[in-house]
Amino acid sequence: MGESLLHEDAAPIEMDVQDLHKSFGQARVLAGVSLTVNRGEVIALIGGSGCGKTVLLKHLTGHHRAERGKVRMCNHDEEGSPLVDLATLSEDAMDRLRIHWAVVFQRNALLSGSVLFNLSFWPSEIKGLSPEQIQPIAVDALRAVGLDPNQLLERDRDELSGGMAKRLAIARALVMDPVVAFYDEPTAGLDPEMCATVHDLILKTHHTMPAAGVRRTSIVVTHDTGLLRRLAPRVIMLADGRVHFDGDFDSFIGRDDEHIRPYLEQMAVLHRRVPPDGPEEH
């Protein structure tokens, strides 16, 4: 049974998951996940391969629909940002919610074409911004992640190093100015120096106030102990399809039980693993 971390009473709820179930054929991945995330929190979703971290993330972003249970997310397009049940929304309504979200994928998921095209596509498609409006936002986002816009805006995606591509993926999230930022193994396979850079970028992004005027919430799927120490997040560990642990990182690494100790021993190996090219359901 997971232990609950007390939240600040003043912080409104940003997302709420109740008794979430998901199976793929005969394989049950989520078997009653329940958790509540308050606005402004940094949440680290952790657990061994196949525990359901990415599946849970895809439910939070509306790319999977609940088989059983409920996923509610804040609708920042409405006054008071009420919680809405994702299962009740049309695709158009989901797209309006996603205006306020950004996702940094495992393999970056950069589009074919230039750096500028990658930074422009979603602001144009989702927010309806013109090229003239996007250009200064793209320049600022590249500078924020330590890249030179004068050298890179017109460069092709395929000319970027792995570290530059990761920074571009984070810059692409920044141009959306999200209220909620989702990161799926953002440092997997990177060298220690680039990991440290990404750690700092995630922390800086989290503490930058969005234009919406509400504190940013960050959800990070990771095996990176260095990132966990840097972020000092609320740690949620999944095991056997449920929330096994919910607490701070120091409490997590100090816990001695049959799921946590073996996972702690595996974390370094899992973190060094380069994610596969295709999507993972884990």
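In nm, what is the difference between 0.36 nm times the number of residues separating Asp257 and Ser114 and their Cα-Cα distance? Walk me through the numbers on the way to the answer.
Working: separation 143, 0.36 × 143 = 51.48 nm, distance 4.85 nm.
Taking Asp257 through Ser114 to full extension adds about 46.6 nm, to one decimal.
As a proxy for reagent exposure, Leu111, Leu97, Leu174 were ordered by neighbouring Cβ count within 10 angstrom, fewest first; the result is Leu111, Leu97, Leu174.
Put simply, the Cα atoms of segment 84-236 extend 41, 40, 26 Å along their principal axes, the longest span coming first. Summing +1 for each Lys or Arg and -1 for each Asp or Glu among the other residues whose beta-carbon sits under 13 angstrom from that of Ala181 gives +2. Panel order for Ser161, Ser218, by other beta carbons found within 10 Å of each beta carbon, from fewest to most: Ser161, Ser218. Relative to the dominant Cα principal axis of the chain, helix 115-125 is inclined by about 70°.
Which of rounded, prolate or oblate describes segment 1-101 when judged by the alpha-carbon gyration tensor and an a/c cut-off of 1.5?
On the way: a/c = 2.02, a/b = 1.20, b/c = 1.68.
Cα axes put segment 1-101 in the oblate bin.
Could you put His223, His271 in order, starting from the residue whose Cβ has the fewest other Cβ atoms within 10 Å? Kindly include the intermediate steps, with their values, before the conclusion.
Working: His223 24, His271 19.
Final ranking by Cβ density, sparse to dense: His271, His223.
Relative to the dominant Cα principal axis of the chain, helix 131-144 is inclined by about 60°.
Between Gln18 and Ser90, the contour length at 0.36 nm per residue exceeds the Cα-Cα span by 23.9 nm. Helix 260-272 and the longest principal axis of the Cα set of the chain meet at an angle near 20°. For segment 40-170, a crude dipole built from +1 on the beta carbon of Lys and Arg and -1 on the beta carbon of Asp and Glu, taken about the Cα centre, is about 600 debye to the nearest 20. Rg/Rh, computed from the Cα trace of segment 54-106 with Rh as the Kirkwood radius, has the value 0.95.
Determine the shape class of segment 138-198: with a ≥ b ≥ c the square roots of the Cα gyration tensor eigenvalues, call it rounded for a/c under 1.5, and otherwise prolate if a/b is greater than b/c, oblate otherwise. Note, shape of segment 138-198 comes out oblate.
Could you give the size of the charge dipole of the chain about its Cα centre, using +1 on the Cβ of each K and R and -1 on the Cβ of each D and E, expressed in debye and rounded to the nearest 20? Before the final figure, lay out the partial values.
On the way: 30 positive and 41 negative charges, 39 e Å.
Here the size comes out at about 180 debye.
With the cut-off at 1.5 for a/c, could you classify segment 96-152 from its C-alpha gyration tensor as rounded, prolate or oblate? In terms of gyration-tensor shape, oblate.
Per residue, how big is the convex hull around the C-alpha atoms of the chain? Give it to me in cubic angstrom, could you? All intermediate terms of the calculation are to be shown ahead of the outcome.
Values: hull volume 36.6 nm³, N = 282.
Measuring per residue, one finds 130 Å³ for the Cα hull of the chain.
None of the figures in this text is laboratory data; all of them are computed from the coordinates on show. None of the values given here were measured: they were computed from a predicted structure. Note that each Cβ is placed from the backbone with ideal geometry, even for glycine, and that neighbours are counted across all protein chains shown.
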